[in-house]
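First comes the structure, then the notes that go with it.
The values are calculated or read from the model by the stated rules, or taken from the named source; none is laboratory data. Nothing here was measured: the structure is a model prediction, and the numbers come from that model. All Cβ positions, even for glycine, are placed from backbone atoms using ideal geometry, and neighbour counts span all protein chains on display.
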Amino acid sequence: MITMLLSFALTLAFGYAYYAQYFRWRGCFNEMGRCFDPVEGVVYHAQSGAVWLALACVAFAIFLYQLRHMPRARR
């Protein structure tokens, strides 16, 4: 039960990282896959979006696996 909640929390955390590091800036990336935010002085990379999305998908798959194989008495 704890690992199921942990994997769901990781899904949310990685999903937020995907949004904050890539999805919010998806229209700003240049041909090199970089986006500079002059307000915060941060360079965002397009490759980070694939990493955060992959981590979120893996954590969600683990959550679904644990949810499906949870004993019926605990549901």
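Per-structure values
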quantity	calculated
Single unsatisfied condition, L67 versus (1) in a helix (DSSP H, G or I); (2) free of Cβ contacts under 8 Å to residues at least 12 places away in the same chain; (3) in contact with a helix residue (DSSP H, G or I) (Cβ under 9 Å, 6 or more places away or on another chain); (4) of a type outside the set (F, W, Y)	(2)
Any hit, region 26-46, residues being surrounded by 12 or more Cβ atoms within 10 Å (Cβ to Cβ) and assigned to a helix (DSSP H, G or I)	no
Tally, over region 1-51, of residues that are farther than 30 Å from Q66 by Cα and of a type in the set (S, T, N, Q)	1
Search result, residues across region 5-50 that are at pLDDT 95 or above and among the β-branched types (V, I, T)	T11
Test result for F60, farther than 21 Å from F8 by Cβ and either β-branched (V, I, T) or surrounded by 14 or more Cβ atoms within 10 Å (Cβ to Cβ) (or both)	no
Residue that is nearest to the chain's Cα centre (by Cα) [pool: residues in region 13-43 that are of a type in the set (G, A, S) and within 22 Å of F63 (Cα to Cα)]	G15
